[in-house]
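To keep things clear, I will list the structure first and then write my remarks on it.
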Amino acid sequence: MLVPTFLVTGVFVFYPIVNSFIISFFNWNMLSPVKRFVGLQNYWQIFHDPLFLVALRNTLFYAVCYVPVVLALGLIAALALNQRIRGSAGFRTILIVPYVTSIAGSGVIWQWIFEPNGVLNALLRYVGIPPQNWLNDPHWTLFNIIVMGVWQQLGYVSIIYLSGLQAISKEYYEAASVDGARSWHMFRHITWPLLTPSTYFLLILTSINALGIFLQVYVLYGQSAGPNNSAMTLVYYMYMNGFSNYRMGYASAAAYVFFFLVLIITLIQLLYSRRVNYDS
Amino acid sequence: MKRKSTWMLAVALGASVVSLVGCGSSQSTSNSGNNSTGGSGSSSSPVTITFYESMGGDLGKVLTSMTNEFEKQYPNIKVQFVYSGSYTTLQQKITAAVAAGQPPTMAQVQEPWETEYYQNGALVPLQNLLPASTINDLIPIWKQDNSYDGKLISAPFNKSDYVLYYNTTLFGKAGIKTPPTTWNQLLQDAQTITQKTGTPGFGFQPNYYTFDMFLHQAGGTTLTADEKQAAFNNASGLNALKFMQNLVKSKAGTIVSANSYLSDGFNSGNYAMDLDTVAALTYITHAKFKIAPLPADVQQAVPTTGTNLVVFSKASTDEQKAAATYINWLISDKNTINWAEKTGYLPVTESALTSSAWKTFAQSHPNEAVGPSELPNGYFDVRLASMSSASTEITTFIGDFLNGQGTAQSTLTQCVNEVNKAVNSSN
Amino acid sequence: MRKLVSYIVLIILCLFVLGPFIWMLATSVKPSYEIFSTHLQLFPSHWMFSNYVKAWKSAPFGRYFLNSFIVAATQTVFSLFFGSLAAFAFARFRFPGRQLLFVLLLITMMVPGEILLIPNYITIARLHWLSTYQALIVPWLVSVFTIFLMRQYFISLPQELFEAADLDGCSIMRVLFRILLPLTRPIWITAGLISFTASWNGFLWVLVVTNNPNIYTLPVGLINFSTDVGTAYNQLMAATAFSVVPLIILFLLGQRYFIQGIARSGLR
């Protein structure tokens, strides 16, 4: 039953991963078949590159801030959608629009929104708040990317939470209300525990996505990695070294460091999720 | 139970195999450039060349119609365009193809990539494929830009240089009759316009390229002749930085985000002047403007950009010859002029520039005449791939400096260190 | 009361979500010089719906739509099929190395696509699959996301469900298709929609392995509007808008299947 899955992933994921691992011990510029063996030199260079450490710090910081925000908002949205209100199909559809819009289009829009002469500052001016230099002030970088990320993924998170909510049988709630429970209790003792599979699923998924953030930054900050490299992320670092500098060996090494980081974080989350028991 | 599940599994696998095979046979028309069976001497057998390019939108339309004409003239050569997006995605596509050993016949490339491809032996020098008359006819700056180690490797195609765009409406309002020709005049005019019209007089992007342009105009160069070290830790570098700082401090200049196109803000009337590529000309559809040569400081220095055409050595002999024929046709006088007239890029040969066809065009199109007139003072950017990450860093430093952090000297030192690190990184 | 709060929450969130999109639509009908004017206004001075026509005509979008649909539909169907098989195996059977294999699958999600790009391209080139539909589809026949999502829900289903089926003498496939899938319909519809979206918006891979414009999908069509010296933003926004429409329709349709209160009735 697992054969087709592993066949496809074997060829298109595992093989490149192993390939990449081997290349990380070489210097290869992708253009000539010549690969120069350098052992652990790439890894050594990575850990001594201040830019890599900046990328690491930025990425972790972003992930830690972004994940709870998007999960919380997504859950709130899903709870609201789960009420029997009119037009919920409409709301659901609206929420998913950013997720289905391609980043080529939406990235450009967010650039305009954050521009000094852009939409956000214009709105702030109406309300009397002074305009901010969103894109050029490194302090705002994290905020910008989180806002963009939440905008894009809110619908997706809420849809998954919603399907999880709807998989909870109504009988639980009926039994509880017969017992006189109020909504907060019902949430805490029925909804939240029964949502744990969804929560862990989303936690792992959004963490992996957050750690691998690249496209949004690339599209929002164009050719640079933000002011003061405040938007330099691990994958950006990899991409820059691989494609702009033609240092595929080095980029592969960076990819492996990234990969181990994500793996460790995910394993921790997985282990923790198994210790939580959810009754069925 | 087990039997049934394995049966279903087999069906699933079988279905996938069948669908894959089915899909495969329906896509037979496309092929990479390496399908000919290795150089059959006859030159009259049809040849298809693949061309990875980035000419989107209207540019693509012009290129396609020109190429259709070419194919009519040379019926046994077929040019297959592979539109590859922006220069960034084009580079990724070419690199992947070269890495897989299946490069296209020819491609548009930027110089830093070309250096890498050349040093790895992936290219056929066009010196061997183009007629000497064409090679000698190339405008000197383009010929230099396309040559490595004394040989012509590629051919210039869509090349441009930078000019001063100025908004005649705003100039009129501010009472300025002629465009500035020196840095001081630029600063003064910009200040006047800002004061008298309320619109900033000058818009620029605080990035490496702008700095490099001012550096050259201040008499400096980016790297030493052996390309091993930064060469701007001197007065020229300082002056370039200070000029940018003055523009911002005096409120004469407004900073434009590095992600936007200067032409967009100019077109919307957000600033009265900018220094931009001639190729942006067709995008200025709304503002009333004129074009003038770039202002100078110690000397005139005009950045040139654009892409070159390379032919890959893995292509068969027939394909290489066909590509050379196509390239030769594209840059022949009539066609380079036609391309320039329709797109705003510049003609690439001397004889095109001195021809009566161009002279007539230039007389009725004074804006388009400026770009070519500056070419004797043209320079091109350092052609090293390693500079790209350095340029990103430098852009950050400059942005910070203009935001008020650090001094000109400290910023300059940072930039110098960054460049030295980049050009010396082992590969 | 709860409903009122829900309405308020949803309206706020929707405004946040729609805001940029409205700006995008406004841009799509503006003349180009108004897009960057320092005096921002939402409504254009004159409405250029012709931008949509221009955008549509600038590239063979009809063909791109068709290709996007073929690729996305095939991928979705297969990834749901393979995914449910795999999820079922992981959830139901206890076999040695189960955890390890599952973690291996998760690993595939952790590797950034940029690193896989060149090795996979080389594989495709060696298989002579460049510029073919299979190059676009096959690497993505498996969606670990789908497997993960479905496994979570299969796990949370009570054992009694499976045992009852066993007692009835059902084969694995029967259990899977006749019982589990109908019960978890919202889950796999969600998974399907998300797979379809990912496929529909996939860009870099398509661009790199395709040399033939007949196979281009929609996102590749979108890059047509940018050149290195300027972008026709209004047309780009128009094209982005009409690229999104099929996905929105799909989501609207898919939502009818979100049935409330399932899963338990089979036991009583």
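No value in this document is a laboratory result; all are computed from the given coordinates. Not measured: the values here are computed from a predicted model. Here the Cβ positions follow ideal geometry from the backbone for every residue, glycine too, while neighbour counts run over all protein chains shown.
Given only helices, namely DSSP H runs of n ≥ 4 each adding -39500 (n - 2.57), what is the per-residue ellipticity at 222 nm of chain B, to the nearest 500 deg cm²/dmol? Before the final figure, lay out each step's value.
Working: 18 runs with 209 residues, N = 427.
The helix contribution divided over chain B gives -15000 deg cm²/dmol.
Taking the Cα centre of the protein assembly as shown as origin, sum charge times position over the Cβ atoms of Lys and Arg (+1) and Asp and Glu (-1), and report the length of that vector in debye to the nearest 20. Please list the in-between numbers first.
Details: 56 positive and 44 negative charges, 638 e Å.
Computed charge dipole of the protein assembly as shown: roughly 3060 debye.
Could you work out how much longer the chain between C:LYS54 and C:PHE242 gets when fully extended? Use 0.36 nm per residue separation minus the Cα distance between them, nm to one decimal. Mind showing how you got there, number by number?
Numbers: separation 188, 0.36 × 188 = 67.68 nm, distance 1.26 nm.
Full extension from C:LYS54 to C:PHE242 adds 66.4 nm.
Within 10 Å of each Cβ in peptide B:54-60, how many partner chain Cβ atoms are there on average? Round it to a whole number, please. Walk me through the numbers before you get to the answer.
Numbers: counts 4, 2, 10, 12, 4, 4, 4.
Per-residue shielding by partner chains comes out at 6.
So what J values fall out for the range B:167-180 if you push phi through Karplus, 6.51 cos²θ - 1.76 cosθ + 1.60 with θ = phi - 60°, rounded to Hz, Gly and Pro as x?
7, 5, 4, 5, 4, x, 4, 8, x, 9, 8, 10, x, x
Hey, can you rank B:306-316, C:194-204, B:134-144 by average C-beta count inside 10 Å, highest first? Could the numbers behind the result be given before it?
Working: B:306-316: 23.5, C:194-204: 21.8, B:134-144: 18.2.
Averaged packing, sorted descending, gives the order B:306-316, C:194-204, B:134-144.
Sorted by packing (mean other beta-carbon atoms within 10 Å per residue), highest first, where do B:267-274, C:100-107, A:34-41 land?
Details: B:267-274: 24.8, C:100-107: 16.8, A:34-41: 12.8.
Put in order of decreasing packing, that is B:267-274, C:100-107, A:34-41.
Using only the C-alpha atoms of the protein assembly as shown, find the volume of their convex hull and express it per residue in Å³.
Residue-normalised Cα hull volume stands at 170 Å³.
Could you check the spin-label model distance between A:GLU174 and C:PHE16? Points 7 Å from the Cα along Cα→Cβ, value in nm.
Going by the 7 Å Cα→Cβ label model, 3.6 nm.
From other protein chains only, count the Cβ atoms within 10 Å of every residue's Cβ in B:157-163, then give the mean. Each step should come with its number before you reach the end.
On the way: counts 0, 3, 0, 2, 0, 0, 0.
Neighbouring Cβ atoms belonging to other protein chains average 1 per residue here.
So, R0 is 41 Å and r is the distance between the beta-carbons of B:THR413 and B:PHE81; what FRET efficiency does that work out to, to 0.05? Before the final figure, lay out the partial values.
Values: r = 46 Å, r/R0 = 1.13.
That pair, B:THR413 with B:PHE81, gives E of 0.30.
Taking the Cα centre of the range C:70-264 as origin and charging only Cβ (+1 Lys, Arg; -1 Asp, Glu), how large is the dipole, in debye to the nearest 20? Can you show the working numbers first?
Numbers: 10 positive and 6 negative charges, 75 e Å.
Using Cβ point charges on Lys, Arg, Asp and Glu, the range C:70-264 gives about 360 debye.
Provide Rg and Dmax in Å for the range C:70-264, with only Cα atoms included in the calculation.
19.9, 70
Please give the charge dipole size of chain B, origin at the Cα centre, charges +1 on K and R Cβ atoms and -1 on D and E Cβ atoms. Round to the nearest 20 debye. Don't jump to the answer; show the numbers that get you there.
Numbers: 26 positive and 30 negative charges, 215 e Å.
Magnitude of the dipole: close to 1040 debye.
Mind jotting down the distance between the C-alpha centroids of the range B:195-241 and the range B:305-330, whole Å?
If you average the Cα positions of each part, the centres end up 35 Å apart.
Of B:VAL348, B:VAL311, B:LEU294, which is farthest towards the positive pole of the range B:284-351's charge dipole, taken about the Cα centre with +1 and -1 on the beta-carbons of Lys, Arg and Asp, Glu respectively?
Positive-most Cα among the choices belongs to B:LEU294.
Report the Stokes-Einstein translational diffusion coefficient (µm² s⁻¹, integer) for chain A, Rh taken as the Kirkwood radius over Cα pairs, at 20 °C with viscosity 1.002 mPa s. Display every interim value, and only then the final one.
Details: Rh = 21.6 Å.
My calculation gives 99 µm²/s for D.
Given the options A:PHE258, A:ILE23, A:ILE96, identify the residue whose Cα lies farthest towards the positive end of the charge dipole of chain A (+1 on Cβ of Lys, Arg; -1 on Cβ of Asp, Glu).
A:ILE23
Considering only DSSP beta bridges where both residues belong to the protein assembly as shown, give the percentage that are antiparallel (nearest 5).
Looking only at bridges with both residues in the protein assembly as shown, the antiparallel portion is about 60 percent.
Positive end of the charge dipole of the range C:70-264 (Lys, Arg +1 and Asp, Glu -1 on Cβ, about the Cα centre): tell me which of C:PRO186, C:TYR133, C:ILE122 has its Cα farthest that way.
Toward the positive end, the furthest listed residue is C:PRO186.
Give the separation of the Cα centroids, the range C:37-53 to the range B:350-409, in Å.
Taking the Cα centre of each part, the range C:37-53 and the range B:350-409 sit 32 Å apart.
Using r as the Cβ-Cβ distance of B:SER351 and B:TYR74, and R0 as 22 Å, what FRET efficiency do you calculate, to the nearest 0.05? List each step's numbers first, then the result.
Details: r = 22 Å, r/R0 = 0.98.
Computed FRET efficiency for B:SER351 and B:TYR74 comes out at 0.55.
Calculate, for C:LEU42 and A:PHE143, the FRET efficiency according to 1/(1 + (r/R0)^6) with r their C-beta to C-beta distance and R0 22 Å; round to the nearest 0.05.
Values: r = 24 Å, r/R0 = 1.10.
The computed FRET efficiency comes out at 0.35.
Sorted by average packing, counted as other Cβ atoms within 10 angstrom per residue and highest first, what order do B:322-333, A:14-25, C:227-238 take?
Packing order, densest peptide first, comes out as C:227-238, B:322-333, A:14-25.
Across peptide A:158-171, what mean number of C-beta atoms from other chains lies inside 10 Å of a residue's C-beta? Before the final figure, lay out the partial values.
Values: counts 2, 9, 7, 0, 4, 11, 7, 3, 9, 14, 6, 7, 4, 4.
Counting other chains' Cβ atoms within 10 Å and averaging over A:158-171 gives 6.
Roughly speaking, what is the stretch gain from B:LYS177 to B:LYS61, that is 0.36 nm per residue apart minus the C-alpha to C-alpha distance, in nm to one decimal?
Details: separation 116, 0.36 × 116 = 41.76 nm, distance 3.83 nm.
Using 0.36 nm per residue and subtracting the Cα-Cα distance, I get 37.9 nm.
Return the distance in nm (one decimal) between the two label points of a simple spin-label model at C:PHE69 and A:VAL11, each offset 7 Å from Cα along Cα→Cβ.
Placing both labels 7 Å beyond Cα along the Cβ direction yields 2.8 nm.
Cα centroid distance between the range B:99-131 and the range A:59-82, in Å?
Each part's Cα centre sits 48 Å from the other's.
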